[in-house]
Each structure stands twice: as C-alpha cells, then as structure tokens.
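To start, the structure itself, in structure tokens.
The values are calculated or read from the model by the stated rules, or taken from the named source; none is laboratory data. Just so it is clear, the structure is predicted and the values come from calculations on it, not from any experiment. Cβ placement follows ideal geometry from the backbone for every residue including glycine, while neighbour counts extend to all protein chains displayed. Ligands, DNA and RNA are stripped out before the accessible areas are found, and what is left, the full protein with its side chains, is counted by its heavy atoms. Shrake-Rupley method; radii C 1.70, N 1.55, O 1.52, S 1.80 Å.
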Amino acid sequence: IEMTKLTNGQDAGAPPGPYIRTGEEVTWSYVVTNTGNVTLTVSVSDDQLGPISCPQTELAPYGDPMTCTATGAAVLGPYANQGTVTALPPVGQALTVTDASHYFGIDPTLVLEKHTNGQDADDLPGPSILKGLDVHWTYNVTNTGNITLTGVTVSDDQGVTVSCDKTILAPDEPMLCTASGIAEAGPYANLGTVTALPPAGGAVTASDPSHYTGFSLDPEVDIQKSTNGWD
C-alpha cells in the first residue's frame, strides 16, 4: 500500500508548506494506491483530524489511486498533521503507511502612524505653520503580522513624494519614511497609505491622516464702501 498526503494540492512533507491566510479553508488529500497483488480493505486516519472520509473501503490490486479528503480552517503559525492508511489483506497482518504534511498560517497586518512636523495630528487644526515654510511629514510603518511582507510602498493622497529606505519588512520590523512640502494658507489634510504583499492572498494596507493649519503674517483688510447706504 502507498499513500501521498497533500495540503492544498502540495506535497508538503517538510515545513513550512504552503502559506495560508488564517481562517481560510485548508484541503487535505490522501492519495492511496494498492501496489500489491491482492485486494485490500483500507481505512485512512489523521493524527489531528481523526478518521478520514474515503470513496471506497476496498482497493483492487494494481488499481487506480483512491483520493480521500478532509477540510479545516487554517490556524496561526506552523501546522503539521500525519495521515495513516491501514490496509487488511485476505490473510496476515495489517499494513500501515504514514505521510506527514505541513502549512504555515499567516495573518499579515500593518500599522501606519503619520505625523506632521512631529505631531500626530489626526484631526484639525494640527500644528500651526507659517505659510511658505517647510512642512515635514513622517510615516512610521510597522509589520505587525507573523510573516515577512514584500513590495512595501507608502503613498500620499495629495501627491506628496514619500521616501522609504526599505521594501521588505520582517515581522515586528519598523520603517521610517519621510516627505516634505511648503505650507499653504488655511486648513490642510493629507492621508498616508502603506501597501504590502504577503506570500499568499491579496495585498494588505493601512492608512493614517494628518493635518496642519497654515497662517499668514500679511495684513488682511476687508473694505466695503457704500454711498448713502447703497453698496
């Protein structure tokens, strides 16, 4: 008797196996083949899942493989389970074969904290800045998930050019990005967004707004002239 155990279609006999988002469905396949010359009565079990459902209980000699399946929800971190097929020949002792499989449950997350001139100005008015002076924005990015992220980029919705020194972040690794501009008069708001790619699933993003209020030292005079009460 022979058996090959697959996780989401991969023969992941060694860790880490496929990367799977936590909570997503995992499918295990147990491909069993009778390589002997007598009919065998077979059953399949898993050390983490218990008995496994199979389409039949007997396998003819030298016949086609039989695939048994099981499903579950991915858990966080490394995971391993071992399948066992037990086969009874017409005479003699039972035969057993085992095969292990692995996956790694990932939870990719990011945090972005955006500051204007050193202030975490999520709401107006933010810092007061003289019109025409430099404004400095910082974008503090941290990989708060359990898997390395690639293609890390930071953008700003007002077209500000953001400079970062990394594009790959390991778990718990921070990164500081910067941008600058010239203060405008009045209230100003911009939104920073970080985007990154995990090894499985779609991109992850995080955003954070920031504000300032630009003021001017130029005198502002509002004159309204009327003649005999007429404007």
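What the table below lists for this structure:
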{"read-out": "Unit charges at the beta carbon, dipole of the chain: most positive-side option, A60, I129, T205", "value": "A60"}
{"read-out": "Stokes-Einstein diffusion coefficient of region 79-231, Kirkwood radius over Cα pairs, 20 °C, 1.002 mPa s, in µm²/s", "value": "108"}
{"read-out": "Accessible area expressed per residue, the chain, with surrounding protein chains retained (probe 1.4 Å, Å²)", "value": "54"}
{"read-out": "Extension gain, E58 back to D107 (0.36 nm per residue minus Cα-Cα distance, nm)", "value": "13.5 nm"}
{"read-out": "Under Karplus coefficients 6.51, -1.76 and 1.60, residue-wise ³J(HN,Hα) of region 135-151 in Hz, glycine/proline x", "value": "10, 10, 10, 10, 10, 8, 10, 9, 7, 9, x, 10, 9, 5, 10, 10, x"}
{"read-out": "All-pairs alpha carbon distance profile, region 2-100, 10 Å steps from 0, percent", "value": "16, 47, 26, 10, 1"}
{"read-out": "Within a Gaussian network of the chain (alpha carbon springs, distance under 10 Å), most fluctuating of L40, L112, L149", "value": "L40"}
{"read-out": "Interchain or long-range residues, amide H under 5 Å from I106's placed H", "value": "I20, R21, T22, G77"}
{"read-out": "Rounded to the nearest 20 debye, dipole of region 1-144 from Cβ charges on Lys, Arg, Asp, Glu", "value": "100"}
{"read-out": "Percent accessible area from carbon and sulfur atoms, the chain, protein chains only, probe 1.4 Å", "value": "51"}
{"read-out": "In sequence order, calculated HN-Hα J values of region 96-109 (Karplus, 6.51, -1.76, 1.60; Hz; x Gly/Pro)", "value": "9, 9, 10, 8, 9, 8, 9, 8, 10, x, 10, 9, x, 9"}
{"read-out": "3J(HN,Hα) from dihedral phi, region 43-55, Karplus parametrisation 6.51/-1.76/1.60, rounded to Hz, x for glycine, proline", "value": "8, 10, 9, 9, 5, 10, 10, x, x, 10, 6, 10, x"}
{"read-out": "With at most 13 neighbouring Cβ atoms within 10 Å, loop trypsin sites (Lys or Arg not before Pro) (DSSP) excluded, longest segment of the chain", "value": "1-165"}
{"read-out": "Label-point gap, in nm, between V97 and Q119 - each point 7 angstrom along Cα→Cβ", "value": "7.1"}
